[in-house]
Amino acid sequence: MAGVAVVTGAGSGIGRAVSRALLGAGYRVALAGRRAAALRETAGEHAGEHGPALVVPTDVTDPESVAALFRAVLVRFGRVDLLVNNAGTFGPAGLVDEVPVEEWQAAVATNLTGPFLCAREAFATMRTQQPQGGRIINNGSISAQAPRPGSAAYTATKHAVTGLTKSLSLDGRPFRIACGQIDIGNAATEMTAGIAQGARQADGSIRPEPTFDVSHVADAVLYMAGLPLEANVQFMTVMATTMPLVGRG
């Protein structure tokens, strides 16, 4: 067996693609997300009482829900070798003075507190299990590097994920816990469908942007996950070759 993985936001998009790739590579995978039916669809034929896929409906913003997720993983699989912190939301759009405070807080809860809560549980397990150690991969997004117009909540939380990644990397060293971040630009999913039709640019114009197949994200995560714990991809950017990231603005 390749190991035990936990993937958040596993019911659609990047999370679904990554989960299926991990299952195909021999991982036992806990699928976490808000919608049980969507998680079961991701699991497909791998679900079942003794199958390699475990469906655990989870609210990553709720500490007890996250704790229950990891308890379920330990009961079923006995350890955690990999956490893919993928769950996220675009949150509110608009100039900063137009963003409702409650919508800002909701974005922070999902995009920052959620990864923290999941990393907290995974870290606690990884440093005490035998053999010790594991890997955490955070989905940082291209917005961890450069903002789109009117995206204060999403951009701020994704920049904060970079800080979380660095802290986990440092704090994990004594316990053989590696942490890396993948910044994804314009993978074709339901969440990014509008980008191919037209996305607001720094000059205020709206232009279509190129996308790429989400399977390449899954391949990249598999590469990061497959390294021995003595090696780590600290940061990786995977994007549509001609998306306007370099030179944004």
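Some observations on this one:
- One residue alone among ASP62, ASP81 is surrounded by fewer than 17 Cβ atoms within 10 Å (Cβ to Cβ), modelled with pLDDT of 95 or more and either on the phi > 0 side of the Ramachandran plot or under 17 Å from the mean Cα position of the chain (by Cα) (or both), and that residue is ASP62.
- Some residue of segment 69-83 being closer than 18 Å to ILE184 by Cβ and outside any helix (DSSP H, G or I): yes
- Per-region count, segment 146-195, residues touching a strand residue (DSSP E or B) at 6+ places or on another chain (Cβ under 7 Å) and in a helix (DSSP H, G or I): 7
- In segment 50-59, residue surrounded by the most Cβ atoms within 10 Å (Cβ to Cβ) [restricted to those that are in a loop (DSSP other than H, G, I, E, B) and touching a strand residue (DSSP E or B) at 6+ places or on another chain (Cβ under 8 Å)]: THR58
- When residues of segment 101-126 are limited to those that are closer than 17 Å to ALA153 by Cα and polar (S, T, N, Q), the one surrounded by the fewest Cβ atoms within 10 Å (Cβ to Cβ): GLN105
- Among (1) assigned to a loop (DSSP other than H, G, I, E, B); (2) within 30 Å of ILE206 (Cα to Cα); (3) of a type outside the set (Ser, Thr, Tyr); (4) touching a Lys or Arg at 6+ places or on another chain (Cβ under 7 Å), the one test that GLN132 misses: (2)
- THR242 being hydroxyl-bearing (Ser, Thr, Tyr) and surrounded by fewer than 17 Cβ atoms within 10 Å (Cβ to Cβ): yes
- For segment 124-159, the tally of residues that are within 15 Å of LEU112 (Cα to Cα) and among the basic types (Lys, Arg) stands at 1.
- Residues that are surrounded by 24 or more Cβ atoms within 10 Å (Cβ to Cβ), assigned to a loop (DSSP other than H, G, I, E, B) and either in contact with a Pro (Cβ under 6 Å, 6 or more places away or on another chain) or not hydrophobic (A, V, I, L, M, F, W, C) (or both), drawn from segment 1-32: GLY9, GLY11
- One residue stands out among those in segment 127-154 that are farther than 22 Å from ALA220 by Cβ and at pLDDT 95 or above: the one that is surrounded by the fewest Cβ atoms within 10 Å (Cβ to Cβ), which is GLN130.
- Taken as a whole, the structure leaves GLN201 outside the set of residues that are exposed (fewer than 12 other Cβ atoms within 10 Å of the Cβ) and either in contact with a His (Cβ under 8 Å, 6 or more places away or on another chain) or over 15 Å from VAL18 (Cα atoms) (or both).
- Among the residues making up segment 33-49, those that are among the small types (Gly, Ala, Ser), surrounded by 15 or more Cβ atoms within 10 Å (Cβ to Cβ) and not in a strand (DSSP E or B) are ALA38, ALA43, ALA47.
The values are calculated or read from the model by the stated rules, or taken from the named source; none is laboratory data. Just so it is clear, the structure is predicted and the values come from calculations on it, not from any experiment. Note: ideal-geometry Cβ built from the backbone for every residue, glycine included; neighbour counts use all protein chains shown.
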